[in-house]
Structures are given as structure tokens and as C-alpha cells.
Amino acid sequence: MLGIETSCDETSAAVVSGGRRVLSSVVSSQFDLHECHGGVVPELAARRHVTAIVPVVEQALRGAGVDRDDLDAIAVTQGPGLAGALVVGMNAAKGMAYALGRPLVAVNHLEAHIYANWLCDAPNLPEEPVFPILCLLVSGGHTELILMTGHGRFRHLGRTLDDAAGEAFDKGARLLGLGFPGGPAIENAAREGDPHAFELPRAWLSGTHDFSFSGLKTALLRVTEPMRLPESDREEVNSGTSHTGPFRAHQAPVYATSAPIADLAAGFQQAIVEPLAVKTARAADEFSARTVVLAGGVAANTQLRKRLKQEVLELCGPDVPVAYPAFAYCTDNAAMVAGAAAWIIRRGDLVGWEADVHPRLPLMQR
Ligand code: KG4
Ligand code: ZN
């Protein structure tokens, strides 16, 4: 199965066998293009996908040592994502599927993130996650608590009411002048920090499985504002950026070297991780989940992995394992798309040529 993923700012293609074994996975990042803007610029993303898609697909086929005629089907992310970016992948996939006479599989990006937990690139495949699975899906655009009762059977338990967890990391990193993407930047900065140095709020939203992170972001803004250097210093420091082009450059705030950025990053990270881990463990207990899985870009966060393991062990005991994808398959990649597609084919959900991108596609409830 060839998978193609172009929903946001990574152009990716991968070959996966049987929904589990990754034969190749190529991810071409657009980091250099968006960094100076402090976030993804949709128009730039779409244009870069156009030039990157063919070489990325060719590299994935070469890496897997397969010929295009060896492919059984072509899978592509249908949504959710940026419309202009999704269209590039969809058209490439349709073109290939049509030319090769193979079926086209349209994959929900959120479902693909969850199925990243079935992927493996080592020779021995580990055990599959056992249903019912409690899944915490945490990415740049989504934060959802999902009960998965079987293949393709998802039930929403809760979601964020405002910012997604990854978005909170990204906005927090901007406020701290740590760059983009924010998750890894905050995680690195937090290593030397004391998470208890600053009191930052957690929105528990008791009695629900929902989350909220916008208050935390505002709290961080209040704490950091008085620490920033005056405007004049800021421009001087920023004048060396390599920004060109029609889109607005991001002016990062600048702090004195003595500012407690590590402590703030550690406190901010913990204020995101704690409600995610505690509420996921509670839901796993309530719904008698047999496995807890993490998915999405924020699943790469080591503190979240650690804390979730602790909470699940405490509440559900040692018989409920916590799984997460390998780092490479947490953030956007096409291996998860090709992986999910195998399970979609098994349940007979193929699409026709009329399939179109769906920028706001929700995870199917059934
Ligand atoms: O899944 P993903 O690659 O794209 C979306 O579908 O949104 O997730 C990207 C998000 C970004 O917000 C990024 O800051 C976050 O995942 N992220 C992390 C880490 N690595 C990526 N957040 C926290 N810790 C990380 N190590
Ligand atoms: Zn994603």
C-alpha cells in the first residue's frame, strides 16, 4: 500500500504492508518555509507540496524496493487539513490509482494518527493493541478523547473546548520566544526548568471528558509580559532574520538572558500534560479500557508519555498497557495513512473517483 499525506506542512509518502509493517517512510518537512512566519502559511504549504510530491513518492517506492506495479492500492489523506494542501495529495493519489488501475482509499487524518499505533519497522511485529482502546489524540489541530471499540469503531468522549494541545504548545513557545514548532521547543527548554517555579492554571472541567487550554495561554502571557525587553531592543535583535516574500514575518518576543524561560517552559508543559494524563486515565478506568493509546504530534512528548503511564498504572493497574507510536510516526507522516488504509479496505470502505478533500472531516462515529 502506498500512502500519501499532504494535510498540513509535511509532504510525505510511505509504503506499508498489511497495515503494520513500514517498508519505507519519507517525510519532506517545510520547516524552512514557515519558520520565519511563526506558523504554517497555507498558500506556501500548498505550493511546496506541488513541487515535492513526485520526488517524495519516488523516493518512498525506491526505499521500499517496490515497483509501482507491485502496489495493491493508493491511500491518501482526505481531511481534516488545509484545503489547498490536501488537494495536492488527493490529485496525485487519484492520478496514480487511475493510471495503475488500483483502488483509491480516502483516509481520515485523525484515524490515521490512531492507526500509527499499529505500525512497526522492526522485523518482529509487537502485539496489536487490544480493544476496547481509550485513545488520547493530541495534535496541532485536535485534542480528543476517543473510545475505540473495534476497527473503525470510534466513540467521542471529549474534546478541547478551545485550543488543541499542540496549538497550546505552539502558542506558548511563541510567547516564550522559543520558535516553531512549539512542542519540541518547549520540551527542550523545559529540561533544565522547575515546573513548580510558577503557578499556572489547569482547567479541569470536572464531570466532563473535555479539555481547555486557552486560559493557560493567557496566564502565560500575563506572567511573561513584564519580563520582555522593550520594543527597540526587540527590533534590533530581530533585524537579522532571513525573511523574504509577501507574508508577514513573525516578531518573536525577546527576553533578557536572565529570564526564567526554562522554569516557565517546564511549568507550561506540566500544565498541559497533567489534565491530559489524569483525565485520560480516569476515562480508561470508567470505560474499562484494555489498552490506552496516545496519538498525534503531541504523543511525541516524553513528559506526557511518562505521566500518562503513571496515572494509568495507578488507576487501572498493570494489566492496562499504555502504547504510543514510535517518534517518527507521532507527527504527520504517510506511513500512518497507508497503515490505516489496510484496515479500511478490510472493512470495505473504498471510495470512488468522485472523492474530494474534506478540510473539516470529523472522525466517523459508529
Ligand atoms: O500531528 P501533527 O504533526 O500535526 C497535526 O495534525 O496537527 O502535530 C503537530 C503538533 C504541533 O503543534 C507540535 O508543536 C506538536 O504536535 N508536537 C509536540 C511535540 N512534537 C510535536 N508537542 C509537544 N511535545 C513534543 N515533543
Ligand atoms: Zn496530524
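The values are calculated or read from the model by the stated rules, or taken from the named source; none is laboratory data. Bear in mind the structure is a predicted one, so any value in this text is a computation, not a measurement. Positions of Cβ are backbone-derived with ideal geometry, glycine not excepted, and every protein chain shown enters the neighbour counts. When the accessible area is computed, the model is the full protein with side chains, heavy atoms only, and any ligands, DNA or RNA have been set aside. Shrake-Rupley method; radii C 1.70, N 1.55, O 1.52, S 1.80 Å.
Got a number for residues in region 38-90 being open to solvent by less than 20 Å² (accessible area, probe 1.4 Å), among the β-branched types (Val, Ile, Thr), more than 30 Å from Leu178 (Cβ to Cβ) and not in a helix (DSSP H, G or I)? Total meeting the criteria: 2.
Only one of these is under 21 Å from Ile133 (Cβ atoms) and surrounded by 24 or more Cβ atoms within 10 Å (Cβ to Cβ): Val278, Val298, Val320. Name it. Write out each step before concluding.
Numbers: Val278 fails: surrounded by 24 or more Cβ atoms within 10 Å (Cβ to Cβ); Val320 fails: surrounded by 24 or more Cβ atoms within 10 Å (Cβ to Cβ).
Checking each option against the conditions leaves just Val298.
Look at region 313-335: where a residue is touching a residue at least 60 places away in the same chain (Cβ under 8 Å) and a partner is part of a helix (DSSP H, G or I) and surrounded by fewer than 20 Cβ atoms within 10 Å (Cβ to Cβ), sitting 6+ places away or on another chain with Cβ atoms under 7 Å, you get Tyr324/Arg305. Scanning region 304-339 for residues that are under 21 Å from Thr143 (Cβ atoms), under 14 Å from the mean Cα position of the chain (by Cα) and either assigned to a helix (DSSP H, G or I) or polar (S, T, N, Q) (or both) turns up Leu304, Phe327, Tyr329, Thr331, Asn333, Met336, Val337. Out of Ala328, Ala323, Ala355, one residue alone is within 20 Å of Ala295 (Cβ to Cβ) and away from ligand 1 (no atom under 16 Å from the Cβ). It is Ala323.
Out of all the residues in region 170-177, is one or more within 16 Å of ligand 2 (Cβ to nearest atom) and either in contact with a Pro (Cβ under 9 Å, 6 or more places away or on another chain) or part of a helix (DSSP H, G or I) (or both)? Spell out how you get there, then give the answer.
Of region 170-177, the ones within 16 Å of ligand 2 (Cβ to nearest atom) are 170.
Narrowing the set further to residues that are either in contact with a Pro (Cβ under 9 Å, 6 or more places away or on another chain) or part of a helix (DSSP H, G or I) (or both) leaves 170.
Scanning region 170-177 turns up at least one residue that is within 16 Å of ligand 2 (Cβ to nearest atom) and either in contact with a Pro (Cβ under 9 Å, 6 or more places away or on another chain) or part of a helix (DSSP H, G or I) (or both).
From the list Gly19, Gly39, Gly89, the lone residue that is under 30 Å from Leu175 (Cβ atoms) and within 21 Å of the chain's Cα centre (by Cα) is Gly39. Residues of region 259-299 that are of a type in the set (Phe, Trp, Tyr) and under 23 Å from the mean Cα position of the chain (by Cα): Phe268 alone.
The selection criterion, being out of contact with any helix residue (DSSP H, G or I) (no Cβ under 7 Å at 6 or more places or on another chain), in contact (Cβ under 8 Å) with a residue 12 or more places away in the chain and within 16 Å of ligand 2 (Cβ to nearest atom), holds for Ala338.
Being assigned to a strand (DSSP E or B) and away from ligand 2 (no atom under 16 Å from the Cβ) is the requirement here; does Leu134 meet it? Against the criterion (assigned to a strand (DSSP E or B) and away from ligand 2 (no atom under 16 Å from the Cβ)), Leu134 qualifies. Within region 149-175, the residues that satisfy the criterion of being open to solvent by less than 10 Å² (accessible area, probe 1.4 Å), in contact with a strand residue (DSSP E or B) (Cβ under 8 Å, 6 or more places away or on another chain) and in contact (Cβ under 8 Å) with a residue 60 or more places away in the chain are Phe154, Gly158, Ala165, Gly166. Residue pairs whose Cβ atoms lie under 9 Å apart, separated by 6 or more positions or on different chains, with the first residue in region 118-141 and farther than 23 Å from Ser7 by Cα and buried (at least 18 other Cβ atoms within 10 Å of the Cβ) and the second of a type in the set (D, E, K, R) and at pLDDT below 95, do not occur. The residue of region 107-144 that is farthest from Phe211 (Cα to Cα), among those that are touching a Lys or Arg at 6+ places or on another chain (Cβ under 7 Å) and within 16 Å of ligand 1 (Cβ to nearest atom), is Leu119.
Taking the options Ser28, Ser12, name whichever one is modelled with pLDDT of 95 or more and open to solvent by 20 Å² or more (accessible area, probe 1.4 Å). Write out each step before concluding.
Numbers: Ser12 fails: open to solvent by 20 Å² or more (accessible area, probe 1.4 Å).
None of the other options fit; the residue is Ser28.
For region 236-255, residues that are closer than 13 Å to Gly179 by Cβ, at pLDDT below 70 and touching a Cys at 6+ places or on another chain (Cβ under 8 Å) total 1.
The number of residues in region 178-189 being part of a helix (DSSP H, G or I) and more than 7 Å from ligand 1 (Cβ to nearest atom) comes to 3.
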